[in-house]
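Participant: Quick one: this structure, given as structure tokens, is what I'll be asking you about.
The values are calculated or read from the model by the stated rules, or taken from the named source; none is laboratory data. Owing to the predicted nature of the structure, the values given are computational and were not obtained by experimental measurement. Cβ placement follows ideal geometry from the backbone for every residue including glycine, while neighbour counts extend to all protein chains displayed.
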Amino acid sequence: MLNFIVRRLIYLVPVLLAVSLLTFLIASLLPGDLAYVILGDQATPEKVAALRHDMGLDQPMWWRYLSWVGQVLQGDLGRSFRTGQTVLQAVAERIPVSIELMLLAEIIGLVIGVPLAIACAARAGSAFDRFMTGGAFAMLSVPSFLSAILLIYLFAVELRWLPATGYVPLTEDPIANLRFFVLPALTLALAEWPGIMRVLRSDMIATLQEDYISLAKAKGLKPSRILFVHALKPSSLTLVTITGINIGRLIGGALIVESIFALPGIGRLLVGAIYTRDLIILQGVVLLVASGFVIMNFIVDMLYAVLDPRIRHGHA
Amino acid sequence: MNGALLSIQDVAVELPTPRGNLRAVDHVDLTLEAGRTLGVVGESGCGKTMLSRAILQLLPKKAKLTGRVMFDGRDLARLDPESLRELRGRDLAVVFQDPMTSLNPVLTIGTQLMETIQEHLELDAPAAKRRSIDLLTAVGIPAPEQRLAQYPHQCSGGMRQRIAIAIAMSCEPKLLIADEPTTALDVTIQAQILDLLAREQRRRHMAMILITHDLGVVAGRTDEVAVMYAGRVVERAPTPTLFKRMHMPYTEALLAAIPKLETAPHTPLPAISGRPPDPTRPLPGCAFAPRCRYAAGRCHQAKPDLSAAETAGHFYACFHPIQMAEDVGA
């Protein structure tokens, strides 16, 4: 098992290097000179040249990349030239919002998706199964911004149960905090559960055809035990993958949903950095988010091993 | 039914296929008394596995079962799911063909053994564990205590089949169905597994149905043999009678197809030519007629019924039986 972890950790190194290179290239290849962005259009060429020199922009690209990676490895991701905040400060300030949103959305998505998937797989082909599969497909085609607007209209405008926009830190008032999170988390979950349900349902249907399920029936086990113990665990590998990918994706913030509900998360930070051409923040945040994604996938690999002993023992 | 543990009466199984209904089992009658063993022999696709699934009520959802499967005085085909569940695993157990796929890969051997025991017997976890260790010892697994914590992929095929047998025997079933229990195993392991089954069957006084395509497997290990072809029982006899004086050309052909040590090298094996008939297109006559070297006109027009032979308990379905009294005398 330790061997397995170490092997996977070694795989992470080239992936993270590639991520850093791509991030750097995206930020560097954007049109427009960073010095002009900072100084404004009216800046004199001398001032621009001086700033370019200070920032190292007159160096060749490979040199800039290496020195950036060197700084990053020392924990210095740079500092916004607009707010003066370091990348790490900006991210630390906003990441609790994105993580809370992501966790709530995933929990709601799983709570809706997993039981429905099991119920559908147990009665594959029934009217209930066909209705739910069709419903999931329909939900999959509803974009978040539309469901966000519909949810705001229903719960905030018509029923007045929940606030439409805003944010209170969890530490200040947990109840109010949760009230602000319900609608955005639900919006994301509405887009997540159909995927969760569809993959788990089809994996589960395949598992239920296995010989060992026939044997479990022949052993006279209760149907609930067959479904939850014998079928769910071997069917959940794909589920873990897509949950992991979803979480990884949402670490970077749900750009649209955070913007609609005015949640100060990573997504809003990124959108703001793009609008203000705050390249240092952009580059640093993208790198952190991409690393988070890669690490999330590493955790998913580890979970595979927990779920399937054959992977743990290097058989599969 | 006159004291029989299992009595299969007029059982037929039909499976819908895109090419029409497939009659996998065609009006089969069989009985088995407590503690006795029955061999069911036939080629692949002759309906023997479907017959075992019909007894276990594990047929595919779309399959249609008619007839009665009386087990211990109750018709399994009409039993409510809860009573059936209580019966399965406790009184009625099964060993499947392929131990590589019949054990759950993500659960430990201990879990898979103990869950059956705890489902049917009122035992707490430590007692169930002790019983599991005893069972593994009985089926010849070394270091049973360590095995409990292991997963199926950590065991060899023969080992897994021993574990599957231990699971099947865990609640002292009255009937054990072994569906080609050695087909997926190495030849060297096959005899060990068959001997283990025979030994445990006698020791626990279980009734057993041994399903196989190999007549050699049932010889000496069963009390009675039923030969199946195209979904029907075509010959049934006490095992010694069958081997001494078989009447069905199909049984003869099956026996001839077993390789023998004394034949000279490179002698072609007298395999049965042709293939079993398409079960979605039943023939009007005897299903074996197209492949039978004794077949004559009548064989292609009418189906022979299962009729009694001169020895008690021997039945055959053939218009031109071989080894009849007059042939032997001649």
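Participant: Quick check, is A:L250 on the phi < 0 side of the Ramachandran plot and crowded, with 21+ Cβ neighbours inside 10 Å?
Facilitator: The answer is yes for A:L250.
Participant: Among the residues of segment B:61-83, is there at least one that is within 14 Å of another protein chain (Cβ to nearest Cβ), hydrophobic (A, V, I, L, M, F, W, C) and in contact (Cβ under 8 Å) with a residue 24 or more places away in the chain?
Facilitator: yes
Participant: Which residue out of A:L57, A:L2, A:L9, A:L39 is within 34 Å of the chain's Cα centre (by Cα) and closer than 28 Å to A:Y275 by Cβ?
Facilitator: Exactly one residue qualifies, and that residue is A:L57.
Participant: Among the numbered criteria (1) touching a Ser or Thr at 6+ places or on another chain (Cβ under 9 Å); (2) crowded, with 22+ Cβ neighbours inside 10 Å, which one does A:L239 miss?
Facilitator: Evaluating A:L239 over (1) touching a Ser or Thr at 6+ places or on another chain (Cβ under 9 Å); (2) crowded, with 22+ Cβ neighbours inside 10 Å leaves (1) as the failure.
Participant: Mind checking which residues of segment B:109-149 are assigned to a helix (DSSP H, G or I), small (G, A, S) and within 30 Å of the chain's Cα centre (by Cα)?
Facilitator: B:G110, B:A128, B:S132, B:A138
Participant: Regarding B:A302, is this residue closer than 21 Å to B:D179 by Cβ, without any contact (Cβ under 8 Å) to a residue 24 or more places away in the chain and aliphatic (A, V, I, L, M)?
Facilitator: no
Participant: Would you please list the contacts, defined by Cβ atoms under 8 Å and residues six or more apart or on different chains, that run from a residue in segment A:1-20 that is of a type in the set (K, R) to a residue that is loosely packed, with under 11 Cβ neighbours inside 10 Å and in a helix (DSSP H, G or I)?
Facilitator: Filtered contacts from segment A:1-20: no entries.
Participant: A further question on this structure: For residues that are crowded, with 20+ Cβ neighbours inside 10 Å, in a helix (DSSP H, G or I) and either among the hydrophobic types (A, V, I, L, M, F, W, C) or in contact with a Pro (Cβ under 7 Å, 6 or more places away or on another chain) (or both), tally how many sit in segment A:259-272.
Facilitator: 4
Participant: Looking at A:A216, A:A185, A:A231 in this structure, which one is in contact (Cβ under 8 Å) with a residue 12 or more places away in the chain, of a type outside the set (D, E) and under 30 Å from A:A148 (Cβ atoms)?
Facilitator: A:A185
Participant: Hey, can you tell me all the residues within segment B:139-159 that are hydrophobic (A, V, I, L, M, F, W, C) and on the phi > 0 side of the Ramachandran plot?
Facilitator: Scanning segment B:139-159 gives a single hit, B:A143.
Participant: Could you please find all residues in segment B:88-143 being within 7 Å of chain A (Cβ to nearest Cβ) and without any contact (Cβ under 8 Å) to a residue 24 or more places away in the chain?
Facilitator: Hits for segment B:88-143 are B:T101, B:E115.
Participant: Within segment B:154-169, identify whether any single residue is more than 9 Å from chain A (Cβ to nearest Cβ), free of Cβ contacts under 8 Å to residues at least 60 places away in the same chain, outside any helix (DSSP H, G or I) and of a type in the set (A, V, I, L, M), and answer yes or no.
Facilitator: Scanning segment B:154-169 turns up no residue that is more than 9 Å from chain A (Cβ to nearest Cβ), free of Cβ contacts under 8 Å to residues at least 60 places away in the same chain, outside any helix (DSSP H, G or I) and of a type in the set (A, V, I, L, M).
Participant: Can you find a residue in segment B:171-188 that is of a type in the set (S, T, N, Q) and either out of contact with any helix residue (DSSP H, G or I) (no Cβ under 9 Å at 6 or more places or on another chain) or modelled with pLDDT of 90 or more (or both)?
Facilitator: Checked against the condition, which is being of a type in the set (S, T, N, Q) and either out of contact with any helix residue (DSSP H, G or I) (no Cβ under 9 Å at 6 or more places or on another chain) or modelled with pLDDT of 90 or more (or both), segment B:171-188 yields no hits at all.
Participant: Applying the selection to segment B:177-225, what residues are of a type in the set (S, T, Y) and surrounded by fewer than 20 Cβ atoms within 10 Å (Cβ to Cβ)?
Facilitator: Residues satisfying the conditions are B:T183, B:T188.
The rows are residues; the columns are (1) touching a residue at least 60 places away in the same chain (Cβ under 8 Å); (2) within 16 Å of the chain's Cα centre (by Cα).
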{"position": "B:T188", "(1), (2)": "no, no"}
{"position": "B:E200", "(1), (2)": "yes, no"}
{"position": "B:M208", "(1), (2)": "yes, yes"}
{"position": "B:M228", "(1), (2)": "yes, yes"}
{"position": "B:R236", "(1), (2)": "yes, yes"}
{"position": "B:P240", "(1), (2)": "no, no"}
{"position": "B:H247", "(1), (2)": "yes, no"}
{"position": "B:E252", "(1), (2)": "yes, no"}
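Participant: Condition first: surrounded by 20 or more Cβ atoms within 10 Å (Cβ to Cβ) and not hydrophobic (A, V, I, L, M, F, W, C). Now tell me which residues in segment A:273-291 satisfy that.
Facilitator: Across segment A:273-291, the qualifying residues are A:D278, A:Q283, A:G284.
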